[in-house]
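S.K.: A single structure is presented below for examination.
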Amino acid sequence: MHGFLSRDGMPPADLIALGRAEVESYGGIIVCSTVDDLLAADQGFDGGPSIGGFNARLGDGTRVHARRVLVATGMHDELPQVPGLRERWARDVLHCPYCHGYEVRDQRLGVLWNGPGTPDYAQIVRQWSDDVVLFVPRDVLTPSQRTRLVARAIGIVESAVTGLTVVDDTLSSVTLEGGREVHRDALFVPPTFCAHSSLLTQLGAATDDAGWVTTGKSGDTSVSGVWAAGNVTNPRAQVITAAGEGSAAAIAINADLVAEDVRSAIEQVGPRPGPITDHRPGSAGMAASPDTTEGDTMSTSSSPTSRATSPTATPRVGPPSKHALALMIWLCVFPTLTVINLALGDWLKTMSPVLRTFILATVAVPIVIYGLMPQLHRVRSRLVMRTARS
Ligand SMILES: Cc1cc2nc3c(=O)[nH]c(=O)nc-3n(C[C@H](O)[C@H](O)[C@H](O)COP(=O)(O)OP(=O)(O)OC[C@H]3O[C@@H](n4cnc5c(N)ncnc54)[C@H](O)[C@@H]3O)c2cc1C
């Protein structure tokens, strides 16, 4: 593999093994299986109840539910129908001058016609050698293409290619109609790219005129909750590009999940508070708009500045002061002890003071901390916010 900064020449399988080990070292789970079906969970398998998100059906029949999905299923290359071409693929029949050009520099190079973009592709290959020949069917080159090829001394052979001659497991020549052979050390072929996008189109993702699924800057598709990265939507993506797109999509997905978590937390807590100015040290002192639902527009920026000055800055109630905390504890402890005393008073009187204190503390402390304190804190927060509003 070439073109991945710091990993030049690494076998692709090693990169994958390293990546998997890194994911697993952070607790990630890798399931080796194909995804045969991907459906929005509201059209769940077997008519099951809607739970939101997506259901994936794996090759072994297992079902996996996910709140968000990143599809990175890549593409495959379709080659021109020339006998022997596929057998030499990725050896001396090459598809990418950026990936493999350096390795065949200054050699006798060929370029096989595969559509009107081939002359421009030959111009890129020309950077690697002074001896480049384009094999092209008769009468397909435009005058302008011909002029540009000749200008850079790219040879033009107008004939059908019928096969390749391989000697000692190495490409020796390109065979033309009529048996003529043109010696070449490597043959570049611009493939036809076929995206593995059926999982995306099955969900209804929008495509462009050429049938490629369209995405936004972070890989978001037209289907809410579904992202895509790499060759499945971008045929030009190399390994480093695909990895970068995956990273951008991952950050956007995380932001989207956090936004959803914030929304559901607000729903659980109750009615949304009105605007409140945060005067704590270090805060930007911004008042949130009463029309702004927190999390609706989660920013993917990690810049502290952009967060501090965001118009959607979160109205928060600070932690209680020492006095407020003491009052809250007293408000919790007093009624708790009263209730315990009323309920168990007679029984407690029969015990020694030490045992009585121990039993009271064992029963009262967990009730106060886990039961009553959060409730009281919530009531206090509402009171503080209401006071701030008025
Ligand atoms: C011969 C050749 C040489 C290349 N050399 C280089 C190079 O030197 N440097 C470079 O940067 N790039 C190179 N590339 C390009 C590189 O391979 C791609 O840029 C890169 O692999 C794209 O990554 P991707 O994750 O988008 O797709 P892929 O790497 O193709 O990964 C997609 C994965 O999804 C899996 N998949 C597909 N459908 C499903 C499904 N339904 N369920 C589960 N899994 C599924 C596939 O099996 C595959 O493992 C080369 C390509 C070729 C063909």
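S.K.: For an R0 of 22 angstrom, estimate the FRET efficiency from the Cβ-Cβ distance between Cys32 and Ala66 and round to the nearest 0.05.
M.R.: Calculated transfer efficiency: 0.85.
S.K.: Evaluate the relative contact order of region 322-389 (contact order divided by residue number), counting alpha-carbon pairs under 8 angstrom at least 6 apart; express in whole percent.
M.R.: 47 percent
S.K.: Right, next: Return, ordered by residue number, the residues of region 168-192 whose backbone nitrogen is under 14 Å from a label point located 7 Å along Cα→Cβ of Ser159.
M.R.: Under cut-off, by backbone N: 173-184.
S.K.: Here's another thing I want to ask about it. Would you please give the residues with an amide H less than 5 Å from that of Ser173, counting only those at least 5 places away or on a separate chain, with H modeled from the backbone geometry?
M.R.: The list, which skips near neighbours in sequence, is Thr165, Arg184.
S.K.: Where in region 164-198 is the amide nitrogen less than 20 Å from a point lying 7 Å along the Cα-to-Cβ axis of Gln127?
M.R.: 186-191
S.K.: What spacing in nm lies between the two simple spin-label points modelled at Ile266 and Glu24, each 7 Å away from Cα in the Cβ direction?
M.R.: Distance between label points: 4.2 nm.
S.K.: Using 0.36 nm per residue of separation minus the Cα-Cα distance, give me the extension gain between Asp168 and Ala259 in nm, one decimal.
M.R.: 26.7 nm
S.K.: Could you compute the FRET efficiency for Arg7 and Asp120, with r as their C-beta to C-beta distance and R0 at 22 Å, rounded to 0.05?
M.R.: For Arg7 and Asp120, the calculated efficiency is 0.15.
S.K.: Taking the Cα-to-Cβ direction at His183 and at Leu325 and moving 7 Å from each Cα, how far apart do the two end points lie in nm?
M.R.: The modelled label-to-label distance comes out at 8.6 nm.
S.K.: Equivalent-ellipsoid semi-axes (√(5λ), Cα gyration tensor) for region 181-227, whole Å, largest first?
M.R.: 35, 11, 9
S.K.: Here is a further query. Taking 7 Å along the Cα-to-C-beta vector as the label spot, tell me the Thr207-Ile340 distance in nanometres, rounded to one decimal.
M.R.: Result for the modelled spin labels: 6.9 nm.
S.K.: While we're here: Pull out the extension gain between Glu87 and Asp42, defined as 0.36 nm times the separation in residues minus the alpha carbon to alpha carbon distance; nm, one decimal.
M.R.: Stretched out fully, the Glu87 to Asp42 stretch lengthens by 11.6 nm.
S.K.: Applying 1/(1 + (r/R0)^6) with R0 = 45 Å to the Cβ-Cβ distance of Ser247 and Leu79, what FRET efficiency is obtained, to the nearest 0.05?
M.R.: 0.90
No lab work stands behind these numbers, since they all come straight from the coordinates. All values reported here derive from a predicted model rather than from experimental measurement. All Cβ positions, glycine included, derive from the backbone under ideal geometry; neighbour counts span all protein chains shown.
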